[in-house]
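Chemist: Okay, here's the structure, questions in a sec.
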Amino acid sequence: MYKDFFNFKAEPFRITPDPGFLYLTDQHKEALASIIYGIARRKGFVCIIGEVGVGKTTILRSYLECADEPGLRFVYVYNPNVSFLTLLKHIFKEIGLPYNGEDVAGMVENLRAALVEQHQRHETLVLLIDEAQNMPAGTLESLRMLSNLETATEKLVQIVLVGQPELSQLLAERQLRQLESRIAVRTRLGPLSKADSIAYIHHRLKCVALDDRPAFTDQAIRMIVRRAMGVPRRINVLCDTALMTAFSRRVKPATAAIVREVLRDLKIEAHRAGESGFMRWRREAAIIGGMLAAAAVVAAGLALHQPPPTESRAAAAVPVAMPAPPLMIPEMTAAVPPREVAVATPAAAPAPEPMMLPPQPAAAPEPLASASEPPGMVRVAAPGDTLAGLIFNVYGRFDRQHLDWVKSRNPDIIDVDRIQVGQVIAFPPAPGEGLPR
């Protein structure tokens with residue numbers, strides 16, 4: 001829509017993994033080289049791990065375009081959430097191998113015979129599995145059956161696993177330890193540096209620009225880079241929306257004011273540069289919580305130096321513990337649990353005699369899980385967060401027991417693979433463990 005306005009031959013910031021826009025940072029070069037090396041040397045398993053939006057699929061498709069080794073036959077799996085039988089059927093269909101019935105062992109044997117014939121013709125099957133963190137553990141374990149198809153000198157099937165950090169946690173489970181030990185080449189993709197982010201924007205603009213006129217001011221680019229935090233997909237979304245907004249305002253190049261409007265519309269505005277919404281919430285909560293604690297200490301200290309009240313005024317003079325008021329933070333409300341403040345009694349002052357008071361009714365704050373559990377903590381999902389990653393950060397580990405425990409205490413989580421940005425998630429103490437860290 002804005003191509004003619006900015007004199008582009010194509011839209012530069014489409015979020016589809018187009019290999020034509022591939023910008024190779026050092027870590028992306030390493031990931032691409034790992035796939036090429038692992039397949040060329042017949043290593044068996046290659047694993048690429050990276051966060052959401054850092055360019056894993058783009059690397060995979062770029063390899064498919066640049067692979068020039070003769071004899072490679074590729075099978076691309078983009079929906080790995082299937083059984084091993086379904087995966088075998090997909091492989092058979094892609095390589096044109098007929099199959100009868102649903103006997104897995106028989107199908108594997110037929111595949112082995114076909115691969116041996118291919119090997120004699122100097123052909124190799126390459127299985128590329130994208131979003132591998134979604135593959136069931138049973139299907140992953142069965143992949144070992146395919147990796148066992150080999151000659152005396154090399155593997156008959158080369159398997160490339162590409163996935164998010166949850167794939168590492170999945171492979172670390174005991175039932176997959178044999179598969180994990182067979183991964184010969186591993187690479188991890190992380191966010192872009194500030195310099196790489198700026199170069200990435202200029203690279204994509206250069207790919208489509210028909211003249212030398214800038215599409216963004218330098219200040220606008222710096223603002224986009226700061227908010228995108230090195231994730232190429234976020235850069236694409238912010239740049240594309242900013243160009244669209246600039247086109248609608250007839251402003252060229254797109255300015256920092258345009259980018260600021262986009263950030264506000266996309267609710268990515270931050271009150272402090274370089275600070276995420278969750279870190280800002282923690283900072284504000286700590287400040288207010290500290291003020292409440294200080295006020296409680298002062299009040300308790302003053303109460304120690306008051307003269308003993310008369311019996312008629314005792315009940316009215318003794319303060320009743322009330323729950324701390326909830327912190328009102330934009331787009332969320334989180335209750336701060338009451339703090340216990342211990343105040344030391346001066347050595348010279350005699351200890352006051354205990355007073356027998358009738359029980360005082362007091363409203364207690366609603367607990368995160370149940371009345372018998374100590375308070376845990378809450379986290380606010382930021383862009384790029386996953387439930388598995390948050391569980392690992394809070395408890396120091398991730399397994400099915402902790403996942404079920406957190407999900408049972410957060411009934412609003414419908415799909416454990418997808419959490420919403422800004423969603424408040426409670427992390428109560430796990431059974432047999434202390435408070436989350």
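Chemist: Which residue is farthest from Ile129 (Cα to Cα), if the candidates are limited to region 12-23 and must be buried (at least 16 other Cβ atoms within 10 Å of the Cβ) and out of contact with any Ser or Thr (no Cβ under 7 Å at 6 or more places or on another chain)? Can you show your working first?
Modeler: If we filter region 12-23 for residues that are buried (at least 16 other Cβ atoms within 10 Å of the Cβ), which is where we start, we get 12-13, 17, 21-23.
Next cut, out of contact with any Ser or Thr (no Cβ under 7 Å at 6 or more places or on another chain) only: 12-13, 21, 23.
On the way: Pro12: 27, Phe13: 25, Phe21: 22, Tyr23: 22 Å.
Checking each candidate, the answer is Pro12.
Chemist: Sort through Val126, Val54 and tell me the only one that's part of a loop (DSSP other than H, G, I, E, B) and either in contact with a strand residue (DSSP E or B) (Cβ under 8 Å, 6 or more places away or on another chain) or β-branched (Val, Ile, Thr) (or both). If you could, list the steps in order and put the result at the bottom.
Modeler: Details: Val126 fails: part of a loop (DSSP other than H, G, I, E, B).
Going through Val126, Val54 in turn, just one is part of a loop (DSSP other than H, G, I, E, B) and either in contact with a strand residue (DSSP E or B) (Cβ under 8 Å, 6 or more places away or on another chain) or β-branched (Val, Ile, Thr) (or both): Val54.
Chemist: Let me ask you something else. Would you point out which residue out of Arg234, Arg204, Arg213, Arg182 is touching a residue at least 60 places away in the same chain (Cβ under 8 Å) and under 30 Å from Glu123 (Cβ atoms)? I'd like the intermediate steps shown before the answer.
Modeler: Details: Arg234 fails: under 30 Å from Glu123 (Cβ atoms); Arg204 fails: under 30 Å from Glu123 (Cβ atoms); Arg213 fails: under 30 Å from Glu123 (Cβ atoms).
Testing whether each residue is touching a residue at least 60 places away in the same chain (Cβ under 8 Å) and under 30 Å from Glu123 (Cβ atoms) leaves just Arg182.
Chemist: Looking at region 152-166, is at least one residue surrounded by fewer than 17 Cβ atoms within 10 Å (Cβ to Cβ) and part of a helix (DSSP H, G or I)?
Modeler: First pass over region 152-166, keeping only residues surrounded by fewer than 17 Cβ atoms within 10 Å (Cβ to Cβ): 152-154.
With part of a helix (DSSP H, G or I) added as a condition, the list becomes none.
No, the conditions are met nowhere in region 152-166.
Chemist: Now a separate question. Looking for something of a type in the set (Gly, Ala, Ser), within 19 Å of Leu32 (Cβ to Cβ) and assigned by TED's automatic domain parsing to the domain that holds His122 - is there at least one such residue anywhere in region 69-88? Write out each step before concluding.
Modeler: Restricting attention to region 69-88, the residues satisfying the condition of being of a type in the set (Gly, Ala, Ser) are 71, 83.
If we keep only those that are within 19 Å of Leu32 (Cβ to Cβ) too, we end up with none.
No, region 69-88 contains no residue that is of a type in the set (Gly, Ala, Ser), within 19 Å of Leu32 (Cβ to Cβ) and assigned by TED's automatic domain parsing to the domain that holds His122.
Chemist: Looking at (1) modelled with pLDDT of 95 or more; (2) more than 22 Å from Phe216 (Cβ to Cβ), find the lone condition where Phe6 falls short.
Modeler: (2)
Chemist: Next question. Quick check on region 180-209: of everything there that is among the aliphatic types (A, V, I, L, M) and part of a helix (DSSP H, G or I), which residue is surrounded by the most Cβ atoms within 10 Å (Cβ to Cβ)?
Modeler: Step one: of region 180-209, the residues among the aliphatic types (A, V, I, L, M) are 183-185, 189, 192, 195, 198-199, 201, 205, 208-209.
With the extra rule that they be part of a helix (DSSP H, G or I), the set shrinks to 195, 198-199, 201, 205, 208.
Numbers: Ala195: 10, Ile198: 17, Ala199: 14, Ile201: 25, Leu205: 19, Val208: 18.
Taking the candidates together, the pick is Ile201.
Chemist: Anything in region 132-164 that is in contact with a strand residue (DSSP E or B) (Cβ under 6 Å, 6 or more places away or on another chain) and farther than 22 Å from Ala113 by Cβ? List them, or say none.
Modeler: Listed by number, the residues that qualify are Ala132, Gln133, Val160, Leu161, Val162.
Chemist: A further question on this structure: Any residue at all in region 243-263 that's assigned to a helix (DSSP H, G or I), hydroxyl-bearing (Ser, Thr, Tyr) and over 21 Å from Leu22 (Cα atoms)? Break it down into steps so the answer makes sense when it comes.
Modeler: The initial filter retains those residues of region 243-263 that are assigned to a helix (DSSP H, G or I), namely 243-249, 256-263.
Among the residues that remain, those that are also hydroxyl-bearing (Ser, Thr, Tyr) are: 245, 248.
Right, trim to over 21 Å from Leu22 (Cα atoms) and you get 245, 248.
So far as region 243-263 goes, yes, one or more of its residues are assigned to a helix (DSSP H, G or I), hydroxyl-bearing (Ser, Thr, Tyr) and over 21 Å from Leu22 (Cα atoms).
Chemist: Also, I was wondering about something else. Go through region 35-51 and give me each residue that's part of a helix (DSSP H, G or I) and buried (at least 21 other Cβ atoms within 10 Å of the Cβ). Break it down stepwise before answering.
Modeler: Looking only at region 35-51, we keep the residues that are part of a helix (DSSP H, G or I), and these are 35-40.
Those that are part of a helix (DSSP H, G or I) and buried (at least 21 other Cβ atoms within 10 Å of the Cβ): Ile35, Gly38, Ile39.
Chemist: For region 83-95, does any single residue satisfy the condition of being outside any helix (DSSP H, G or I) and surrounded by fewer than 16 Cβ atoms within 10 Å (Cβ to Cβ)?
Modeler: First, the residues of region 83-95 that are outside any helix (DSSP H, G or I): 83.
Within this subset, residues satisfying the condition of being surrounded by fewer than 16 Cβ atoms within 10 Å (Cβ to Cβ) are 83.
Yes.
Chemist: Can you give me the number of residues within region 62-78 that are touching a Pro at 6+ places or on another chain (Cβ under 9 Å) and surrounded by fewer than 17 Cβ atoms within 10 Å (Cβ to Cβ)?
Modeler: Result for region 62-78: 3.
Chemist: A further question follows. All but one of (1) assigned to a helix (DSSP H, G or I); (2) in contact with a helix residue (DSSP H, G or I) (Cβ under 6 Å, 6 or more places away or on another chain) hold for Tyr23; state the number of the condition that does not hold.
Modeler: Among (1) assigned to a helix (DSSP H, G or I); (2) in contact with a helix residue (DSSP H, G or I) (Cβ under 6 Å, 6 or more places away or on another chain), Tyr23 violates only (1).
Chemist: Looking at this structure, is Thr124 under 21 Å from Ile49 (Cβ atoms), assigned by TED's automatic domain parsing to the domain that holds Leu167, among the polar types (S, T, N, Q) and in contact (Cβ under 8 Å) with a residue 24 or more places away in the chain? Before the answer, list the steps.
Modeler: Numbers: under 21 Å from Ile49 (Cβ atoms): no; assigned by TED's automatic domain parsing to the domain that holds Leu167: yes; among the polar types (S, T, N, Q): yes; in contact (Cβ under 8 Å) with a residue 24 or more places away in the chain: yes.
Here the answer is no, as Thr124 does not meet what is asked.
Chemist: Next up: In region 227-262, how many are charged (D, E, K, R) and closer than 26 Å to Gly55 by Cβ?
Modeler: Of region 227-262, the ones charged (D, E, K, R) are 227, 233-234, 240, 249-250, 252, 260-261.
Applying the additional criterion that residues be closer than 26 Å to Gly55 by Cβ yields 227, 233-234, 240.
Of the residues in region 227-262, 4 are charged (D, E, K, R) and closer than 26 Å to Gly55 by Cβ.
Chemist: Which ones in region 400-428 are charged (D, E, K, R), surrounded by 12 or more Cβ atoms within 10 Å (Cβ to Cβ) and more than 16 Å from the chain's Cα centre (by Cα)? Even if it seems obvious, please write down each step before you answer.
Modeler: At the first step, the residues of region 400-428 found to be charged (D, E, K, R) are 400, 404, 407, 409, 412, 415, 417-418.
Those still in the list that are surrounded by 12 or more Cβ atoms within 10 Å (Cβ to Cβ) too: 407, 409, 417.
Matches in region 400-428: Lys407, Arg409.
The values are calculated or read from the model by the stated rules, or taken from the named source; none is laboratory data. Note that this is a predicted model, so its numbers are computed, not measured. Every residue, glycine among them, receives a Cβ derived from its backbone with ideal geometry; neighbour counts consider all protein chains shown.
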